[in-house]
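Only one structure is covered here, and it is reproduced in the block below.
Here, each number is a calculation from the coordinates, and none is a lab measurement. Since this is a predicted model, take the numbers as computed values, not measurements. Methodologically, a virtual Cβ is constructed for each residue, glycine included, from the backbone with ideal geometry; neighbour enumeration extends over all protein chains shown.
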Amino acid sequence: MAACSTPSPRVNDSADAASPDMISQAVLAQNLQLLIGQVSESQAIPPAFVESGFSDTKTIPSIRKLVLPPSGTFKKNWAVYRQRFLEPIRLKAGKTFWEQNQAYLSQIEQDSGVPAEVIVAIIGIETIYGRQTGNFRVKDVLSTLAFNYPDTPNKAVREQLFKDEIKSLILLCWTQAGGKLPANNASQNVNPELFKQCVNQNSSYAGAIGLPQFMPSSIRAYAVDGDGDGQIDLRQSSRDAIASVANFLKQQGWQPGMPIYFAIPQSTFAQASALADGEPQLKYSVQELIEKGILTPQQGDLQAGGVSPQSKALIVDLPYADQDGTDKVRYVVGLNNFLTIVQYNRSYFYAQSVAEFAEALGYKNQSVITANLPALPSAKQSTNSKKKKALHKKATKASVN
């Protein structure tokens with residue numbers, strides 16, 4: 001699973017009536033108890049200790065709606081997505097966050113090789129630096145999705161994923177409460193209140209936690225103690241969040257000094273379209289893309305950026321609607337660091353937003369040529385143009401009849 005999930009709007013779960021296929025609290029409790037028993041046995045944790053922290057777990061109907069895929073008529077729109085995250089309030093907050101943590105960000109950039117602007121961009125896109133971290137209890141979210149995921153083609157796979165996240169949450173909270181794994185010594189000095197606080201902490205609708213929105217499994221795998229207080233607190237500690245984001249990207253293969261993407265001119269979009277298969281894999285070398293006319297030799301010979309003809313890349317497609325409501329696609333060439341950001345959130349839109357947010361903060365992407373690209377319409381323009389197009393079509397039809 002990706003490290004995080006993008007922010008969701010606040011939802012009043014009490015306003016949603018339970019759908020007919022909602023399982024009862026009794027069935028939820030039974031399933032949860034079985035899972036707790038498995039985790040407790042494998043790690044020698046007293047099951048009663050874990051059960052006490054999960055005893056009031058409940059299902060949240062609204063979460064099941066939030067994780068449903070878009071309807072069949074939904075069209076991805078890069079212009080709308082981009083405007084949602086690259087907007088003045090978020091960018092201003094990013095500059096403030098950077099100023100407040102400038103010295104530490106510089107240190108982390110030097111240690112990890114991940115640019116400070118990229119770290120700041122990710123935390124800004126995820127939660128606006130802690131303003132939007134979610135208002136659901138993480139144990140409720142994970143239990144709802146582990147045992148009562150909506151009826152979708154990937155229901156079984158998704159339920160297993162969230163069961164694994166419950167296991168990670170239990171182990172994470174056990175260690176944060178003072179326990180060691182495996183817990184062979186039942187007399188360990190573990191604080192039950194700290195355990196309860198951990199499983200009751202707030203998360204997004206998908207179970208992501210803190211400023212950088214890490215899932216429990218990602219916290220265990222990648223989160224680090226940035227402020228040196230002996231605890232990892234992604235909710236309150238900016239330094240823990242900064243260091244953890246950098247560590248995640250570094251562990252995913254971030255290449256220091258390399259660009260994230262290359263902008264390409266509209267005149268090469270036809271060639272790029274033929275290679276854009278949507279698969280997040282570095283399939284082509286820079287030399288191949290030069291030979292196909294998609295990149296120029298100048299872009300492919302960036303000594304300062306570490307790019308060589310053998311560097312690997314992929315074609316990224318970013319569909320949107322122009323000012324007339326016509327479907328269009330922008331293409332860019334994504335490099336290894338683009339794909340590293342995709343590991344954080346499995347979306348081309350997300351990765352490109354991070355790159356452009358970082359550039360807005362001053363990040364030098366080191367692309368030699370600034371492509372002459374068509375201006376993207378604002379979300380409002382796009383919506384209004386569609387309405388105008390629909391009204392024109394209606395008026396034309398009426399005059400014919």
If we count every other residue with Cβ under 13 angstrom of Val50's Cβ, Lys/Arg +1 and Asp/Glu -1, where does the sum land? +1
Please give the residues of segment 159-177, grouped as numeric ranges, whose backbone N is less than 17 Å from a label point set 7 Å along the Cα-to-Cβ vector of Gln231. 172-177
In Å and whole numbers, how far do the C-alpha atoms of segment 309-367 stretch along each principal axis, longest first? 38, 27, 23
Roughly speaking, what is the centre-to-centre gap between segment 241-279 and segment 95-165 when only Cα atoms are used, to the nearest Å? 19 Å
By counting other Cβ atoms within 10 Å of each Cβ, how are Ile264, Ile119, Ile60 ranked from fewest to most? Ile60, Ile264, Ile119
Within 10 Å, Cβ to Cβ, of Ile36, how many net charges do the neighbouring residues add up to if Lys/Arg are +1 and Asp/Glu are -1? -1
By the Cα gyration tensor axes a ≥ b ≥ c (a/c under 1.5 gives rounded; else a/b larger than b/c gives prolate, otherwise oblate), the shape of segment 74-198 is oblate
Bin all alpha-carbon pair distances of segment 181-284 at 5 Å intervals from 0 and give each bin's fraction as a whole percent. 2, 9, 13, 15, 14, 12, 10, 8, 6, 4, 3, 2, 1, 0
Beyond 18 Å (Cα-Cα) in this structure, taken from Lys58/Lys180; Lys58/Lys139; Lys58/Lys196; Lys139/Lys196, we find Lys58/Lys180
Sorting Phe85, Phe338 on the 10 Å Cβ count, fewest up front, what's the list? Phe85, Phe338
Using the Cβ atoms and a cut-off under 12 Å, what net charge is assigned to the surroundings of Phe349, where Lys and Arg are +1 and Asp and Glu are -1? +3
Please tell me which of these pairs span more than 26 angstrom C-alpha to C-alpha: Lys95/Lys250; Lys292/Lys328; Lys292/Lys312; Lys65/Lys92; Lys75/Lys155? Lys65/Lys92
Taking a quarter of the surface of the Cα convex hull of segment 40-146, what do you get in nm²? 11.4 nm²
